[in-house]
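Asks: Here it is: the structure, laid out below.
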Amino acid sequence: VDFTAWNTESVLARLHFVVRVPQGTELVQLTHADAERIEARLAHRYGGAFPEGYKADFPPRTAVADLQYIQGLERGEGVSD
């Protein structure tokens, strides 16, 4: 899974996910309910990831970069200089 974050002057950010599956995999069409369920899971997982003070001081783009860094640490990728 790869993702990109887009930010504007708005308080909202847009995330674009690319999910790669093995060639030949049969894909089912997502319903509106499926999309809502996925969005709810993402909000649940990351909705409280950062305190209000962090959100006041940093833009969404920084939060995405910090989440990527934290997830790398969880995977054992270590700390870079």
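The values are calculated or read from the model by the stated rules, or taken from the named source; none is laboratory data. Note that the coordinates shown come from a computational prediction; the quantities given were computed from them, not determined experimentally. Cβ: placed from backbone, ideal geometry, glycine included. Neighbour counts: every protein chain shown. Side chains are part of the model used for accessible areas, which takes the heavy atoms of the whole protein and leaves out ligands, DNA and RNA. Shrake-Rupley method; radii C 1.70, N 1.55, O 1.52, S 1.80 Å.
Asks: Given a Förster distance of 25 angstrom, what is the FRET efficiency for His44 paired with Glu77, based on the Cβ-Cβ distance and rounded to 0.05?
Replies: Values: r = 25 Å, r/R0 = 0.99.
Once the sixth-power term is evaluated, E becomes 0.50.
Asks: Now for a different question. Multiply the residue separation of Asp2 and Glu36 by 0.36 nm, subtract the distance between their alpha-carbon atoms, and state the gained length in nm to one decimal.
Replies: Numbers: separation 34, 0.36 × 34 = 12.24 nm, distance 1.98 nm.
Gain on extension, Asp2 to Glu36, equals 10.3 nm.
Asks: Helix 32-46 versus the longest principal axis of the chain: what is the Cα-based angle in degrees, 0 to 90, to the nearest 10?
Replies: Relative to the chain, helix 32-46 is tipped by roughly 30 degrees.
Asks: Accessible area per residue of the chain at 1.4 Å probe, in Å²?
Replies: On the way: 7240 Å² over 81 residues.
Averaged over the residues of the chain, the accessible area is 89 Å².
Asks: Please report the relative contact order for the chain, taking Cα pairs under 8 Å with a sequence separation of at least 6, and give it as a percent rounded to a whole number.
Replies: Values: 34 pairs, mean separation 22.8, N = 81.
So the answer I get is 28 percent.
Asks: Related question: Return one quarter of the surface area of the convex hull spanned by the alpha-carbon atoms of the chain, equal to its mean projected area, in nm².
Replies: Details: hull surface 31.1 nm².
Result: a mean projected hull area of 7.8 nm².
Asks: Another one. Using a 1.4 Å probe on the protein chains only, how many percent of the accessible area of segment 37-81 belongs to carbon and sulfur? Don't jump to the answer; show the numbers that get you there.
Replies: Numbers: 2050 of 3710 Å².
On segment 37-81, the fraction of accessible area on carbon and sulfur atoms equals 55 percent.
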